[in-house]
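The values are calculated or read from the model by the stated rules, or taken from the named source; none is laboratory data. The structure presented is a predicted model; accordingly, all values stated were derived computationally and were not measured. Cβ atoms come from the backbone with ideal geometry, glycine included; neighbour counts cover every protein chain shown. Ligands, DNA and RNA are stripped out before the accessible areas are found, and what is left, the full protein with its side chains, is counted by its heavy atoms. Shrake-Rupley method; radii C 1.70, N 1.55, O 1.52, S 1.80 Å.
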Amino acid sequence: MTTEQSVETVDVVVIGTGPGGEDATGRLARAGLDVVAVEARLVGGECPYYGCIPTKMMVRASDAVAEARRAGRLAGRIDVTPEWAPVATRVRDEATADWDDTAAVERLEKAGAQVVRGRGRLAGPGEVVVATPDGERRFRARRGVLLNPGTEPAVPPVDGLADTPYWTNRDAVRATEAPASLTVLGGGAIGCELAQVFARFGTAVEVVEAGPRLLGPDEPEAGAFLADRFAAEGIGVRTDAKVSSVAHDGGGFTLTFDDGTQLTSERLLVAAGRRTDLKALGVASVGIDDSGRTIPVDDRLRAADGVWVVGDVTGKGAFTHVSMYQSRIAAADILTRGEGDGGEERADYHAVPHVTFTDPEVGGVGLTEAAARDAGLTVRTGTTDLAASSRGFVHGPGNEGFVKLVEDADAGVLVGATVAGPAGGEILAVLALAVQARVPVAELRRMIYAYPTFHRAIETALGELAES
Ligand SMILES: Cc1cc2nc3c(=O)[nH]c(=O)nc-3n(C[C@H](O)[C@H](O)[C@H](O)COP(=O)(O)OP(=O)(O)OC[C@H]3O[C@@H](n4cnc5c(N)ncnc54)[C@H](O)[C@@H]3O)c2cc1C
């Protein structure tokens, strides 16, 4: 690093170290570049501290409770008394190290990077200003700036809501006890996962969704299926629900709906989407439009000359695996900047998988049927019931689910698939490969599927492919 008039010059400045920023920082530093990573909160971002990892630890615990409760029909009586304390302890000690990122910082430093605590913003091409606890630091990036600012929980503009002590995912993962009752505002993946977790620990849960169904971006069948499963577990679901105001007093929260009805609960979890603040990030100083929620990027994650962007803020899928996929491509491009045409790998999102870790899991890849039709494809779909499969019969309780395939009939390849069911996210892998590699449906039909697996249902769904 060189210092000139209090401007520190380095090769690359990374603003935000979510999974992608952290990964890219390590790659670039290990490749010998002089890298500064700027982080306002915790190195690693939402995923390890407030997102994927702690919530999946909670899901694992709640699945164990549900499976034990199913034992009655399978293996005799097992008395289950779920306790939240082991969940809270595992999340604190094993998942998040008590929300301490020392190990992650040390990993980056060992790779040769410098980690700067503070909030960074662009102040022109290659110029970064960081507000640190000790004052401002200025950096000049010779090779470029990588932005990975991620997202924050969004709080909808509902009358009264902002003044109440509502939870976001960041509070829910820090819960030291399961509340007596919980309203979950938002029926997307985060809301559904956390709703089911707390319900299985004895919390009376009601999910309130403004849209027509749970898991809005997924196939409609997935949302309907999950709503049925929730109903079977006693989790309330209100769709098309418009909340007009929220109030809080000593007794808890009261939601008032447009139709005048009310809902009360001890806790309120807001899981109604995510927000970004592009203005605060100073992107306009390098010519990037800061009026939207996402930053457009090309297939090498370039957003402007010398500016790369990865993660949720690119709008290509708010998932850790997308952020890390992008970081690999962006880092390769940064490393070869100025050499020929830059990095060789191009980002391609036609087979992005995602999994909602409810029980049963809901996994999807590629296009939904509606998206495929909107894209002008000649669509054939095939659906089959997992419970009716041989494995479903053997499995017994907890066997509910389905496989839905979406085929581009002209090309004879799958362009999308959904698997809801036990290990749905794992079964999805073979379909993600089929969509990614554009494996001909004829080839998928020639394959041998092990008996009696859940994934064998894919063969049945292939047999159902028909125009609808
Ligand atoms: C409850 C929950 C569960 C989830 N479960 C899954 C899952 O199972 N699987 C999955 O794939 N995804 C899951 N996600 C999504 C996943 O967490 C994100 O997609 C992932 O973290 C990638 O985000 P990112 O790389 O864009 O950045 P983030 O993880 O959001 O991190 C961005 C980082 O940048 C920092 N930052 C922002 N602005 C600045 C600035 N100006 N200066 C310095 N630092 C800054 C922030 O402090 C933060 O640490 C979940 C999310 C939530 C909330």
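Some points to look at:
- Exposure check, 1.4 Å probe, all protein chains in place: Asp289 carries approximately 100 Å² of accessible surface.
- All C-alpha to C-alpha distances of region 1-133, sorted into 10 Å bins beginning at zero, yield P(r) values of 12, 32, 23, 14, 10, 6, 2, 0 percent in whole numbers.
- In terms of its C-alpha gyration tensor, region 316-384 has an oblate overall shape, because the principal axis ratio a/c (a ≥ b ≥ c, square roots of the eigenvalues) is not below 1.5 and a/b does not outweigh b/c.
- For the chain, pairs of C-alpha atoms spaced more than 39 angstrom apart make up 29 percent of the total.
- Taking amide H atoms as placed 1.01 Å from N in the peptide plane, the amide H of Glu219 has no partner under 5 Å among residues 5 or more positions away or on other chains.
- Largest first, the residues Val208, Val352 sort by 1.4 Å accessible area into Val352, Val208.
- The chain, relative contact order in percent, only Cα pairs under 8 angstrom and at least six apart counted: 14 percent
- Taking only alpha carbon atoms, region 296-448 gives an Rg to Rh ratio of 1.06, where Rh is the Kirkwood radius.
- Spin-label model, Thr261 to Ala284: label points 7 Å out along the Cα-to-beta-carbon direction sit 4.4 nm apart.
- C-alpha long axis of helix 320-335 to longest principal axis of the chain, angle in °: 30 degrees
- Descending semi-axes in whole angstrom, ellipsoid equivalent of region 261-382, from the Cα gyration tensor: 31, 23, 15
- Dipole size of the chain about its Cα centre, with +1 on Lys/Arg Cβ and -1 on Asp/Glu Cβ: approximately 600 debye, rounded to the nearest 20.
- Helix 189-200 and the longest principal axis of the Cα set of the chain meet at an angle near 50°.
- Simple spin-label estimate for Phe393 and Arg92 gives 5.0 nm between the two label positions (7 Å along the Cα-to-Cβ direction from each Cα).
- In nm, spacing of pseudo-spin labels at Ala68 and Arg142 (7 Å Cα→C-beta vector): 5.9 nm
- With every protein chain in place, the chain: carbon and sulfur % of accessible area (1.4 Å): 50 percent
- DSSP-loop chymotrypsin sites (Phe, Trp or Tyr not before Pro) across region 399-468, with at most 16 other Cβ within 10 angstrom: Tyr449
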